Amino acid sequence: MATKQSLLYIFLLVAALTQVHCQEDDSYANDVKVSCTGGTMTIRVHTKEPFEGVIHAINRTEPGCSRLGDGGLRTKFEIDLTRPEGSEGSCGVKYDPKIQETRVAIYVRKHPSIELYDDKLYIVRCGKAGFQNTRQETSFITLKVTDGLRKLDAVLEGSEQKLQVQVLNPDPEYGILVKNCFAFDNEDSPPVQLVDDSGCRTDKIISEFTYDDANFKAEATVYKMFRMAYSNRTYFQCDVEICKDACVRPECELTRQPAP
């Protein structure tokens with residue numbers, strides 16, 4: 001009997017293009033992630049305790065620019081990026097065409113109506129993942145799923161594919177280290193961590209990243225493409241650390257263990 005395979009749609013992000021900066025001491029450590037796709041900025045705030053406060057832009061009374069917590073540990077706040085800058089519902093979003101970056105300030109408040117001392121202000125940004133190299137030019141980071149040859153936007157569930165990071169307009173003075181890779185959807189599925197903060201895989205569903213320094217690439221094999229719980233659309237996101245000279249590569253616990 002033939003096995004039914006589902007088509008999965010793939011969206012790629014590099015976390016160098018999705019940056020979050022807290023303006024205050026973030027001692028109670030909210031985990032804030034941001035992605036920009038299809039005219040929408042999606043901000044996810046993960047808290048250690050049930051969140052019943054509010055997330056809002058500079059003007060909390062502006063329509064579409066706030067989200068109340070529902071007592072869960074994950075709160076999603078979406079901003080419509082198609083609204084003109086300065087118009088109602090644009091939530092104070094600023095776009096810098098010179099560096100192709102979108103940014104906005106958001107507040108994460110523990111109480112829905114009272115301002116508290118330990119409320120947090122975050123500056124979140126989406127843009128091209130790039131850094132200034134020694135030639136005073138911009139090197140860009142790309143993340144893609146491939147079959148070994150071609151970039152793919154849709155794959156079959158259960159198929160083996162490659163997750164590839166590459167530096168465009170590279171500078172030999174810099175190296176890279178891929179870390180903090182996650183898969184997630186735009187629904188309420190819990191994110192799946194694939195690579196940890198040290199650059200080691202966290203699950204045998206993916207290989208360790210191998211590095212082709214001569215071609216400024218890093219690649220890992222996803223042995224079986226998987227579906228998120230509530231969607232057939234999967235987003236992959238990785239941080240890419242930029243190092244002067246070469247990055248120190250980690251010794252990983254799962255490296256010598258066989259693939260599934």
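Between LEU194 and CYS181, PHE182, ALA183, the built amide H atoms are under 5 Å apart, and every one of these is 5 or more places off in sequence or on another chain. The residues of the range 89-169 expose, per residue, 54 Å² of accessible area to a 1.4 Å probe.
Assuming R0 = 51 Å, can you tell me the calculated FRET efficiency for the pair GLU160 and ASP31, based on Cβ-Cβ distance, to the nearest 0.05?
Computed FRET efficiency for GLU160 and ASP31: 0.95.
Label separation (TYR95 vs THR134): 3.7 nm, computed from points 7 Å beyond Cα along the C-beta direction. Less than 9 Å Cβ to Cβ from MET41, Lys/Arg counted +1 and Asp/Glu -1: what total charge do the surrounding residues give? Its environment carries a net charge of -2. Under 11 Å from a point 7 Å along the Cα-to-Cβ line of GLU241: which residues of the range 160-177 have their amide N that close? Once the point is set 7 Å along Cα→Cβ of GLU241, 176-177 turn out to lie under 11 Å by backbone N, inside the range 160-177.
When the accessible area of the range 149-260 is split by element with a 1.4 Å probe, what percent falls to carbon and sulfur? Here carbon and sulfur together make up 47 percent of the probe-accessible area.
The values are calculated or read from the model by the stated rules, or taken from the named source; none is laboratory data. Because the structure is predicted, anything quoted here is derived from the model rather than measured. Please note: Cβ atoms are built from the backbone with ideal geometry, for glycine as well, and neighbour counts cover all protein chains shown. Calculation scope for accessible area: heavy atoms of the full protein, side chains included, ligands and nucleic acids excluded. Shrake-Rupley method; radii C 1.70, N 1.55, O 1.52, S 1.80 Å.
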